[in-house]
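Asks: Please find one structure pasted underneath; my questions will follow.
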Amino acid sequence: MSGGGTIDFEIRPSSQPVSATEREALLANPGFGRVFTDHMVTIRYAEGKGWYDARVEARAPIPMDPATAVLHYAQEIFEGLKAYHRADGSVGLFRPDANARRFAQSAQRMAMAPLPEDLFVGSVRELVNIDRAWIPTSTEGSLYLRPFQYASEVFLGVRPAREYLYCVIASPVGPYFAGGLKPVSIWISDEYTRAAPGGTGAAKCGGNYAASLLAQSQAADNGCDQVIFLDAAERKYVDELGGMNVFFVRADGSMFTPELNGSILPGITRDSVMTLAREQGRHVEERPVSIDEWRDGARSGEIVETFACGTAAVLTPIGTVRGVEGEFKLGDGGTGPVTAALRETLVGIQFGRVPDPHNWTTTL
Ligand code: PLP
Ligand code: COI
């Protein structure tokens, strides 16, 4: 047993862990989300009983009755955060308390039982601890952690479930984009939106990602890496990408980003970038950003950089933007200096290479 929050975890180490040789081979080039560690965490919830049966156990398929509620009504939420190998041999986590808070907020929006935040952080620490050997030691590598929760009650009535399963899995990863830090191209979705006012855009629920996939396929059909969504009411303002927030940099070094309007995911990278940029003396605005302002600003030279940001993508420069009305480029289509400098600072904090005055990182 091990204390990982408000309840104790039963630790059942895998009897068949991957051999060290095979693990090293997998870690040489893990890609994103293809390779998984030996263990997982599971915690169950039942109405009237609360959270119980917290376990660290061998990663394995989860048997499911075909009438399990999540398969029908998609009551599911998830998180994404990373564990970083540090030069001194310790392991760093970046703002896990913020992920815990957002997870509880997502649960609230999806009418699910919220997991206590200390149990979330404790569960993540337990998994990282037992699967420590899976953390890549390469400069850009990390262990991506995926906590998620779904309606596990076997019931077809349409109402909030009374039973949930919370689970954490881990995946050693390299860069999210195959090209590394190359600028990506973006397709403006004029046909589909991701989130409507009053909808679930601010929650990290699986359904939002399902809703983004057709637009993402259209982006690929148009030769673009990612899709950007406009607001559902007017199709005039930029919301975010399918899995990243977006920032704009002016020629005078000031920055702006779409405000949290209820349809945008409140990114932890977004929040961190705003803090770091302000500390660098930059003016940062959160406000509506129209697609016309972006296009006209890029063409006139007033907007010199645009980048996407998120846990998986870190900071990724946007080089080209394409839509039904044509195409425009940001700067010379390369990686701008502001994007590069902010990325360097953020990654430096995450890996413990530069001071962390906000105590964003915690180690184990
Ligand atoms: N927006 C969406 C839709 C996302 O899926 C993510 C990724 O988690 C983000 C933004 C960025 O959030 P964060 O920086 O917390 O990873
Ligand atoms: C993340 O950055 O953690 C995401 O969730 C983006 C994507 C992998 C869904």
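Asks: For the chain, modelled as a GNM with alpha-carbon contacts under 10 angstrom, which of ILE228, ILE43, ILE62 fluctuates the most?
Replies: ILE62
Asks: By its C-alpha gyration tensor, with a ≥ b ≥ c as the square roots of the eigenvalues, how is region 167-217 shaped: rounded for a/c under 1.5, else prolate for a/b larger than b/c, else oblate?
Replies: Oblate, because a/c is 1.5 or more while a/b does not exceed b/c.
Asks: Does region 225-353 come out rounded, prolate or oblate, given a ≥ b ≥ c as the square roots of the eigenvalues of its C-alpha gyration tensor, rounded meaning a/c under 1.5 and, failing that, prolate meaning a/b above b/c?
Replies: The shape class here is prolate.
Asks: Going by alpha carbons, how many degrees (0 to 90, nearest 10) lie between the helix axis of 268-279 and the longest principal axis of the chain?
Replies: The angle comes out at about 50 degrees.
Asks: Run the numbers on region 184-350 and let me know its relative contact order in percent, using alpha-carbon pairs under 8 Å that are six or more apart.
Replies: Relative contact order of region 184-350: 24 percent.
Asks: Turning to a different aspect of this structure: Under a straight-distance cross-link criterion of Cα-Cα below 12 Å, which aspartates and glutamates are reachable from LYS182, leaving out those fewer than 8 residues away in the same chain?
Replies: Once the sequence-local aspartates and glutamates are set aside, what remains near LYS182 is ASP225.
Asks: Would you work out if region 190-238 is rounded, prolate or oblate? Take a ≥ b ≥ c from the square roots of the eigenvalues of the alpha-carbon gyration tensor; rounded if a/c is under 1.5, else prolate when a/b is larger than b/c, oblate otherwise.
Replies: oblate
Asks: Here is a follow-up. How big is the dipole moment of region 2-173 about its Cα centre under a simple scheme where the beta carbon of each Lys and Arg is +1, that of each Asp and Glu is -1, and everything else is neutral? Debye, nearest 20, please.
Replies: About 320 debye.
Asks: Please quote Rg/Rh for the chain to two decimal places, taking the Kirkwood radius as Rh and restricting both calculations to Cα atoms.
Replies: 0.97
Asks: Can you order the peptides 299-312, 328-341 by their average number of other Cβ atoms within 10 Å per residue, highest first?
Replies: The densest-packed peptide leads the list: 299-312, 328-341.
Asks: To the nearest 20 debye, what is the magnitude of the charge dipole of the chain about its Cα centre, counting +1 on the Cβ of each Lys and Arg and -1 on the Cβ of each Asp and Glu?
Replies: 420
Asks: So, one more: At q = 0.09, 0.16, 0.21 Å⁻¹, what log₁₀ I(q)/I(0) does a Debye calculation on the Cα points of region 2-173 give, no solvent, two decimals?
Replies: -0.31, -0.95, -1.43
Asks: With unit charges on the beta carbons (Lys and Arg positive, Asp and Glu negative) and the dipole taken about the Cα centre of region 88-135, which residue among GLY122, ALA104, ILE135 sits farthest to the positive side?
Replies: Checking the options against the dipole of region 88-135, the answer is ALA104.
Asks: On a straight-distance basis, which lysines could pair with LYS236 in a cross-link, Cα separation under 27 angstrom, same-chain partners fewer than 8 positions away excluded?
Replies: LYS204, LYS329
Asks: Given Cβ point charges of +1 (Lys, Arg) and -1 (Asp, Glu) and nothing else, what value in debye, to the nearest 20, does the dipole of region 3-49 about its Cα centre take?
Replies: With only Lys, Arg, Asp and Glu charged at Cβ, the dipole is about 120 debye.
Asks: Taking only the alpha-carbon atoms of region 128-216, what semi-axes of the equivalent ellipsoid follow from 5 times the gyration tensor eigenvalues under a square root, in whole Å, largest first?
Replies: 30, 26, 9
Asks: Moving on. Towards the positive end of the charge dipole of the chain, with charges on Cβ (+1 Lys, Arg; -1 Asp, Glu), say which of THR37, GLY206, PRO183 has the farthest Cα.
Replies: Result: THR37, furthest along the dipole toward the positive end.
Asks: For region 184-350, what proportion of DSSP beta bridges, expressed in % and rounded to the nearest 5, is antiparallel?
Replies: Once the DSSP bridges in region 184-350 are tallied, antiparallel ones form about 65 percent.
Rule-based calculations on the coordinates, nothing more; no lab input. Keep in mind the model is a prediction, meaning the values are calculated, not measured. Here Cβ is always computed from backbone atoms with ideal geometry, including for glycine, and neighbour counts include all displayed protein chains.
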